[in-house]
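Report on one structure; see the data block that follows.
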Amino acid sequence: MTEALLPYCATHDASDAPTAADCGGAARDIAEHACQVLVNQPVNAEYRHMVVRAPAGASLAQPGQFFHLACPPGASGSTFLRRPMSVYGADPVRRTVEFLYKVQGAGTQGLATLQPGDTLDALGPLGSGFSLPDCTQHLLLLARGVGLATLSPLAAHAVARGARVTAVLSARSKALVMSAQRWRAAGATVHIVTDEDGDSDPLQLEAYLRDQHAKQPFDFLSTCGSNRLLVLLQKLGNEWDVAGQTAIEQHMGCGMGSCYACVRPFRESAGSDRLTFRRVCWDGPVFDLQETTSW
């Protein structure tokens, strides 16, 4: 979760990496931003919601893009590398950017210490975001965990363009379901499934999606946050002959395509047995649904 995807080999010299102004013919307005923290509060036992005031360039971030955040020291100590964080929301009028993040390692523990008025060092916007076809009429979004943050801007974007959005939000328990009210407010039809209730099982979920597709066919598919949801959507997309995209989570080094720390294999084309290697930070993090390999 686009521009044409070019295969890059991890053995290429880093000097071959594109510059910030060389991205499929389109410039990327990448900068290091000093953002003022406005809100940084828990939404449940595991996740927090952060809102920052950002310069105009940062608040123009598109659905699927991310920022590389410099994390302050936390309970587990300091971090040397920045942490990639998908955009949960961006408002160029209010000049704000939002993040929804899970507190689990040293970096996110550090982010959790930030208070309103503190400064967050954010590099971005980075990556290639979602590319929704102009003719999209019914979009299916399948999200779990951090995928809820990544797909949230796409839901609002699609509704604003006149598309119907059906969103399936998956979580371990009802207590960990996030963003449902936000997605409904944007105009999406929301269906919640949880491991706790037993309806997040891929077989039950597949039956539900087939029923929805029979009532009003989906013409674009997108997912993020779960390998089993990716595999399910690939199966259905191939059967229905419906295109889609997925946003990939990956550990990163530089976030700008130079270090090749986030290279992973992709199918050369849908259905191909040949693999290419692409940088998640630069060629993605949004990729073609059928070209993405499971993990």
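Residue separation of Arg94 and Ala160 scaled by 0.36 nm, minus their Cα-Cα distance, works out to 22.0 nm of gained length.
From least to most packed, judged by other beta carbons within 10 angstrom and beginning with the fewest, Val231, Val97, Val168 follow the order Val231, Val168, Val97.
Grouping the Cα pair distances of the chain into 10 Å bins from zero gives a pair-distance distribution of 6, 29, 36, 24, 5, 0 percent in increasing distance order.
Given contacts defined as C-alpha pairs under 8 Å and at least six residues apart, what's the relative contact order of the stretch 187-295, whole-number percent?
22
Full extension of the chain segment joining Ala270 with Ala185 gains 27.1 nm, where the gain is 0.36 nm per residue of separation less the Cα-Cα distance. Below 8 Å between Cα atoms, with a sequence gap of 6+, how large is the relative contact order for the stretch 134-242 in percent? It rounds to 34 percent for the stretch 134-242.
Rounded to the nearest 0.05, the FRET efficiency derived from the C-beta distance between Asp211 and Ser76 at R0 = 45 Å is 0.50.
Going by neighbour counts of Cβ atoms within 10 Å, the residues Thr246, Thr189 line up, fewest first, as Thr189, Thr246.
Using just its DSSP H runs of length 4 or more, each adding -39500 (n - 2.57), the chain gives a mean residue ellipticity at 222 nm of -6000 deg cm²/dmol after division by all residues. Working from label points 7 Å from Cα in the Cα-to-Cβ sense, the His251 to Gln137 distance is 4.6 nm. With contacts taken as Cα pairs under 8 Å and at least 6 residues apart, the stretch 29-126 reaches a relative contact order of 42 percent. Taking every DSSP beta bridge that has both ends in the chain, the antiparallel portion is near 65%. Listed by Cβ neighbour count within 10 Å, with the fewest neighbours leading, Arg172, Arg82 appear as Arg172, Arg82.
Each value in this text was obtained by applying a stated rule to the coordinates, not by laboratory testing. Note that this is a predicted model, so its numbers are computed, not measured. Glycine also receives a Cβ, built like all others from the backbone with ideal geometry; neighbour counts cover every protein chain displayed.
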